[in-house]
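Following: one structure in structure tokens, then a few remarks.
Every number here is computed from the coordinates shown, using simple stated rules; none is lab data. Please read these numbers as outputs of a predicted model, since none were measured by experiment. Note that we place each Cβ from the backbone using ideal geometry, even for glycine, and neighbour counts take in every protein chain shown.
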Amino acid sequence: MKRIEHISLLFSLLFTTLLFAQRPELSVKLSKNKLGVNQRVRVEFSINKQGADNFEPPEFKNFRIIAGPSQSVSQSWINGKVKFSQSYTYILQPTRKGELIIGPASIQLNGDTINSKMMKLVVVDAVDIPKDPNDPNYIAQQNIHLVAEISKSRPYVGEGIYVEYRLYVSENVSVFDTSVTEAPQYNGFWNQEIKINGYPVKMGKYNGEDYRYIVLQKALLIPTKTGNLVIDPMKMDIVIGVPTGRADFFGNVITKNLRKEFASPRKIIRPKSLPLEGKPENFTGAVGDYNFNVTLSKDILRANESFDLNVTVSGKGNLKLFEIPEITTPSELEKYQPARKENVRITGNSMTGSISETYTIVPQYRGKYKIPNASFSYFDPKKKKYFTLTSQDLYVDVIEGKEIITNNNSNTDSDTKKTEQTKNTDAKKPVIPNSRNFRFIHTQTEFEPAKKEDFYGSSLFLLLLLIPYLAIPTGIIIANKQEKRSKDFVGNRLRKAEKLAKKYLAEASKQLGKKEAFYEALQRALHNYLKAKLGIETADISKEKIASLLQERQVKDEVITTFIDVLKSADFARYTPATDLQMKEEYNRAKKVIIQLDKQL
């Protein structure tokens, strides 16, 4: 009985599916939804069932019938399924501008009346039409469009947007080959191309009409300054199959292939300055939505035993375009330069992930030390306000090691000596007579008139009067330069890299002119830099291993080669004659390669 029930249920479902699949429908299709008052539109009504008759077209109010109705019937068999269509086509021209309505048509089928939907068209001013509407260049221009879609035209400086280049193609033409002849330029933006998996064909609307389109290119853009930033057009050469309006002996439409250049419209982005109101002093350009964490790898250890302090900023925004706050530690904790790590992926109109800096810290003495909290500030473009995140104070307990030596005894001795000196100074001394102790006092005086000088007409008064007028424009110029420099994220990173290079090479610069001491300090500086960046003792490994480690960090080959050359030169030059000029050149090479490495690491 259950089997019979299952079979009957299956037959009822199959019957219902066939009933809906064969449901008659009178559909309507327009060649365009927007046209000029001097253009024409093709309207096609089609029924998907045989046996229909007595077709009644709509009134076509506000339209003039240029041609029609022309009837056609098509029937096909695909995978054993029959597909039938009977259509009625009209060519219409609007008689006025505005939003016009094409009313429903009707047709009779088995005694029932089937109606189509109403359709709306937008009619605008007259457009330029060539003398020959079948001109292939005109047809190609009307049926293919290269478009640049911008997610936002008024972002904040540092806020991510995306640009997407789409190629729209109508069903009236065919595309056989495409090639990009000129890629767009993104001057004034930090940019990153977003990877596209293949070029799937999608359906969409362009100017209210149905088109097929593919996404050619997509990029994340982050403006780095204000003003009118121009995105130049993308240019393409496209081979197009265009119908000529003629048919061959068998009635097939004859097409003509032509190569035509297309360009996307130029786009202008006008970034907004970040607000000055509420801007924190420690703000370094972070724009987005972030979290901030400071953690220790361990907080109980022995002296000369290292631990890691990790500073992480995670979230969504311009993750690669700001600096992480620097951590301050007590002088008893020896802190090395941090190793930076980025785990960032591009999603939509921003970067998502985290960036972190890990400090290697070595305590020197026994005791309990406090690492003060750190603050990180960012601007949220959605909420249009600044936020400041502050970490907690961290404590490190060094349970074994040397104690800090204080100079209490020496201070006591010095205090005693000072007291004795004071007593000796305060003791009375005998007065020694001198011929100059007593002098003659004049009993008569001679008065001379004092020179009168007008202060308000003096040079000093005029100078003091001009100082405020000179100070105000000078202060404005200095403030503008500081604001411009604070927004120059790339320049700030370069300046910080140069400062870092000078810090590591400070000892080598002091030894210029002393051959062995200079090259030894130069070699030690390069190894210390890699130790801080890679977190390993590079002095104990070969130059080939250093090169492979840098390649894993995706450092360019030419930068790696230069770094290894500087290391080799510093090693060999200690045992060969060298002039002051050669040492100066090696110093400059080392400084340059550290700056290049820091940019890429």
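A few comments on the model shown:
- Of LYS384/LYS484; LYS543/LYS584; LYS316/LYS481; LYS225/LYS260; LYS510/LYS592, those spanning more than 25 Å from alpha-carbon to alpha-carbon: LYS316/LYS481; LYS225/LYS260
- Euclidean distance between Cα centres, region 331-408 to region 185-216, Å: 42
- Two-site FRET efficiency, GLU334 against LYS120, from Cβ-Cβ distance with R₀ of 60 Å, rounded to 0.05: 0.20
- Spacing of the modelled spin labels on LEU389 and LYS514, each 7 Å from Cα toward Cβ, amounts to 4.7 nm.
- Nitroxide proxy distance, nm - points 7 Å out along Cα→Cβ at GLN482 and ASN228: 3.2
- For SER106, the shell of other residues with beta-carbons less than 13 Å away shows a net charge of -4, using +1 for Lys and Arg and -1 for Asp and Glu.
- Rough spin-label spacing in nm, given labels placed 7 Å along Cα→Cβ, for VAL201 and ASN304: 7.4
- Given charges at beta-carbon only (K, R positive; D, E negative), |dipole| of region 173-245 in Debye: 280
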